[in-house]
There are 2 protein chains.
Amino acid sequence: MNRLAILAGQGSLPNQLAAAHAPALFVTFEGLDVSPPDNEHLHTSYERFGEMFDGLSVAGVTEVVFAGGLARPQLNPANFDAKMMQLAPRFMAAMQGGDDGLLRAVIAAFEEHGFAVRGAHELLPGLTCAAGLLTGPEPSDADRKDIARARDVLSTLGPLDVGQGAVVAGGQVLGIETAQGTDAMLRFVAETPEGLRRGKGVLVKAPKPGQDLRVDMPAVGPKTVEAAAKAGLAGLVLDAGQVVLLEREETLRRAKALGVFILAEEP
Amino acid sequence: MNRLAILAGQGSLPNQLAAAHAPALFVTFEGLDVSPPDNEHLHTSYERFGEMFDGLSVAGVTEVVFAGGLARPQLNPANFDAKMMQLAPRFMAAMQGGDDGLLRAVIAAFEEHGFAVRGAHELLPGLTCAAGLLTGPEPSDADRKDIARARDVLSTLGPLDVGQGAVVAGGQVLGIETAQGTDAMLRFVAETPEGLRRGKGVLVKAPKPGQDLRVDMPAVGPKTVEAAAKAGLAGLVLDAGQVVLLEREETLRRAKALGVFILAEEP
């Protein structure tokens with residue numbers, strides 16, 4: 001029989017998963033401020049992977065899900081247990097490839113120790129959207145052209161492992177998401193001098209080809225909608241099933257109030 | 001016999017060209033604050049292309065160079081002369097393709113009226129750089145890797161007519177130049193949260209494939225160097241012969257003072 005463990009990062013997602021999967025073990029980590037729900041609970045540390053793997057096995061866990069924002073607390077090698085001492089060199093080497101690299105190495109460590117790694121979107125299908133116009137006005141022809149151009153930019157850059165998002169307005173590229181994330185890009189777009197601007201424009205969010213959706217899904221939420229409105233955009237476009245819609249009701253409510261459309265398209 | 005006209009935009013470049021080409025006709029436009037040098041001088045308006053073409057022909061001009069920053073003053077159709085009335089619809093349609101589109105249409109109009117259009121870099125070879133380390137410390141191995149990755153981003157995006165510049169630090173892309181230009185991108189990079197940053201990084205500037213260097217060359221100058229230093233970068237990389245180095249001495253002096261390298265590479 002399968003038992004799930006929820007490896008809890010920041011935000012509301014871990015608790016949503018816990019509510020939907022009551023038998024799941026809820027795992028919290030030192031240095032992260034997470035309030036565990038009523039589920040059975042294991043508190044451990046990134047410094048003690050041995051303790052964590054043992055705790056999971058004892059609880060009968062067979063599969064795990066990484067949920068919520070992954071903060072990287074300061075680790076003290078003096079506190080590492082034997083398993084973490086053994087894994088640390090791999091994790092450190094993987095960090096050269098950035099957070100993505102580190103996550104891949106952590107996933108591999110879980111899999112080698114017999115745990116399957118699931119994606120939050122598989123366990124909570126309401127996290128993502130089916131294709132369709134979720135809210136707001138119908139995208140105009142100009143918006144459709146901007147969407148196509150933004151998708152061109154994303155699919156062209158994707159093989160380089162860059163760009164989960166792009167903003168195009170009036171055919172002109174105004175923002176390409178880099179390591180700083182979507183909100184930083186939207187703040188940058190909001191500062192575009194008026195004279196340069198050739199239309200309202202759209203934000204397109206999509207995973208990069210080969211992105212491991214089990215640990216790293218593009219996400220939008222109420223803040224994204226507000227930042228998009230501040231940047232003067234007509235709307236947001238998401239890949240159906242592949243982009244997390246955080247706080248769905250609140251996000252849709254704000255988008256409607258701000259007159260910003262949210263469109264989910266088949267990837 | 002060939003005679004050159006310098007179509008003067010903002011900045012010091014038109015006067016540098018005039019000094020190097022004394023027989024050239026110096027053309028200024030209403031609405032642009034340009035002080036003409038001692039060369040023979042024609043003052044005209046973007047609203048009167050007919051008057052301008054006639055003035056050039058009368059002065060024996062056979063070739064023109066667009067020099068300096070091109071401001072786009074407010075035009076009043078009521079003041080258009082007959083030639084501009086005829087050209088305006090084409091220019092307006094071309095503006096849908098942005099400043100690049102408009103410039104291509106303006107170039108085409110000059111060529112149709114018998115004027116060859118030259119590039120400032122052909123007439124003033126010192127504008128650009130020969131390959132080599134121009135100033136600052138030798139780029140490190142990490143810098144070389146960042147340069148290669150930034151070049152990958154630029155060459156991948158180039159066919160989409162996006163990206164004259166990119167910033168990569170520690171293998172991580174922190175900025176891709178969009179319509180807002182290099183300085184805006186560098187300000188954005190300077191705001192990267194410390195925790196995200198994985199190295200100093202480099203700015204690479206190169207023309208897009210097919211970019212018409214006669215009217216639109218990537219350029220760096222003292223401000224670029226200062227913005228790069230503020231963004232914590234190790235250095236700037238330019239395509240030799242294809243990127244304008246503005247105020248060369250001042251740019252090199254500041255780069256040296258700030259410990260920022262400037263490297264010109266064969267494209």
- Item | Table column - 3J(HN,Hα) (Hz), the range B:85-92, Karplus curve with 6.51, -1.76, 1.60, x for Gly and Pro | 4, 6, 7, 3, x, 5, 5, 5
- Message: At 7 Å along Cα-to-Cβ for each site, give me the label-to-label distance between residue A:74 and residue A:38 in nm.
- Response: 3.9 nm
- Query: How many times 2.2 N^0.38 Å is the alpha carbon radius of gyration of the range A:4-123?
  - Reply: 1.00
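Around residue B:50, with a cut-off of 12 angstrom between Cβ atoms, what is the net charge of the other residues, counting Lys and Arg +1 and Asp and Glu -1?
Details: positive: B:48, B:83; negative: B:47, B:51, B:54, B:81.
Net charge around residue B:50: -2.
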- Task: Starting from a label point 7 Å past Cα on the Cβ side, list the distances from residue B:114 to the same position in the other copies, nm, shortest first.
- Result: 9.0
- Task: Quick one: go through the range A:45-64 and flag any residue whose amide nitrogen is under 19 Å from the point 7 Å out along the Cα-to-Cβ line of residue A:1.
- Result: A:56-64
- Item | Greater than 29 Å apart at Cα, pairs in A:200/A:223; A:145/B:223; B:145/B:223; B:205/B:230; A:145/B:208 | A:145/B:223
- Shielding of B:167-174 by other chains, given as the mean Cβ count within 10 Å, works out to 4
- Could you work out the mean count of beta carbons from other protein chains within 10 Å of each residue's beta carbon in A:156-164? 5
- Query: Residue-wise, which Karplus ³J(HN,Hα) couplings in Hz belong to the range B:176-187, taking 6.51 cos²θ - 1.76 cosθ + 1.60, θ = phi - 60°, and x for glycine or proline?
  - Reply: 10, 5, 10, 4, 6, x, 5, 5, 4, 4, 5, 5
- What does the highest-first list of A:253-259, A:235-241 look like by mean Cβ count within 10 Å? A:235-241, A:253-259
- Query: How many percent of the accessible area of the range A:132-265 is carbon or sulfur, using a 1.4 Å probe?
  - Reply: 50 percent
- Item | DSSP bridge orientation in the protein assembly as shown - percent antiparallel, rounded to nearest 5 | 30 percent
- Item | Listing of the range A:193-219 residues, each with accessible area lower by at least 10 Å² in the full protein assembly than in the chain alone (probe 1.4 Å) | A:196, A:198
- Task: Straight distance only, please: which aspartates and glutamates reach the Cα of residue A:83 with their own Cα at less than 13 Å, same-chain residues fewer than 8 apart left out?
- Result: A:47, A:51, A:54, A:112
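Give me the net charge of residue B:204's neighbourhood, meaning all other residues with Cβ under 11 Å from the Cβ of residue B:204; Lys, Arg count +1, Asp, Glu -1. Provide the component values of the computation, followed by the final result.
Details: positive: B:149, B:151, B:205; negative: B:143, B:146, B:152, B:177, B:239, B:265.
Here the charged neighbours net out to -3.
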- Roughly how big is the B-A contact, given as buried accessible area in Å² (both sides, 1.4 Å probe, nearest 100)? 2100 Å²
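Report, for chain A, the % of DSSP beta bridges that are antiparallel, rounded to 5.
30 percent
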- Amide hydrogen neighbours beyond the local backbone of residue A:213, cut-off 5 Å, H modeled: none
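If you roll a 1.4 Å probe over the heavy atoms of the protein chains, what accessible area per residue do you get for chain B, in Å²?
Here the per-residue accessible area is 44 Å².
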- Query: In nm, what does the list of distances from residue B:140 to its counterparts in the other copies look like, shortest first, when each label sits 7 Å along Cα to Cβ?
  - Reply: 4.9
- Message: Output the 0 to 90 degree angle, nearest 10, between the alpha-carbon long axis of helix A:248-258 and the longest principal axis computed from the alpha carbons of chain A.
- Response: 20 degrees
- Angle, helix B:141-157 long axis vs. longest principal axis of chain B, Cα atoms, 0 to 90°, nearest 10? 40 degrees
- Query: Relative to the Cα centre, what is the charge dipole magnitude of the range A:4-123, using +1 at the beta carbon of each Lys and Arg, -1 at the beta carbon of each Asp and Glu, and rounding to the nearest 20 debye?
  - Reply: 220 debye
- Query: Using 1/(1 + (r/R0)^6) with R0 = 22 angstrom and r between the beta carbons of residue B:230 and residue B:250, what's the FRET efficiency to the nearest 0.05?
  - Reply: 0.80
- Query: If r is the Cβ-Cβ distance from residue A:148 to residue A:82 and R0 is 45 Å, what FRET efficiency results, to the nearest 0.05?
  - Reply: 0.25
- Quick calc: nm separation of the 7 Å Cα→Cβ label points for residue A:190 and residue A:138 -> 3.1 nm
- Task: Treat every Asp and Glu Cβ in the range B:109-201 as -1 and every Lys and Arg Cβ as +1, leave all other atoms uncharged, and give the resulting dipole magnitude about the Cα centre to the nearest 20 debye.
- Result: 360 debye
- For the protein assembly as shown, calculated [θ]222 nm from helices alone, where every DSSP H run of n ≥ 4 adds -39500 (n - 2.57): -11000 deg cm²/dmol
- How far apart are the residue A:181 label points across copies, placing each 7 Å from Cα toward Cβ, in nm, shortest first? 3.0
- Message: Can you tally the net charge around residue A:4? Count Lys and Arg as +1, Asp and Glu as -1, for every other residue whose Cβ sits under 14 Å from the Cβ of residue A:4.
- Response: 0
- Item | For the range B:124-139, Karplus couplings with θ = phi - 60° (6.51, -1.76, 1.60), whole Hz, Gly/Pro x | 9, x, x, 5, 9, 10, 6, 4, x, 7, 7, 6, x, x, 4, x
- Query: What does the highest-first list of A:105-116, A:74-85, B:38-49 look like by mean Cβ count within 10 Å?
  - Reply: B:38-49, A:105-116, A:74-85
- Bin all alpha-carbon pair distances of the protein assembly as shown at 20 Å intervals from 0 and give each bin's fraction as a whole percent. 20, 44, 26, 9, 1
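The values are calculated or read from the model by the stated rules, or taken from the named source; none is laboratory data. Bear in mind that the values here come from a model prediction, so they are computed numbers and not experimental data. Neighbour counts run over all protein chains shown; Cβ positions are idealised from the backbone, glycine included. For accessibility, only protein heavy atoms count, side chains too; no ligands or nucleic acids. Shrake-Rupley method; radii C 1.70, N 1.55, O 1.52, S 1.80 Å.
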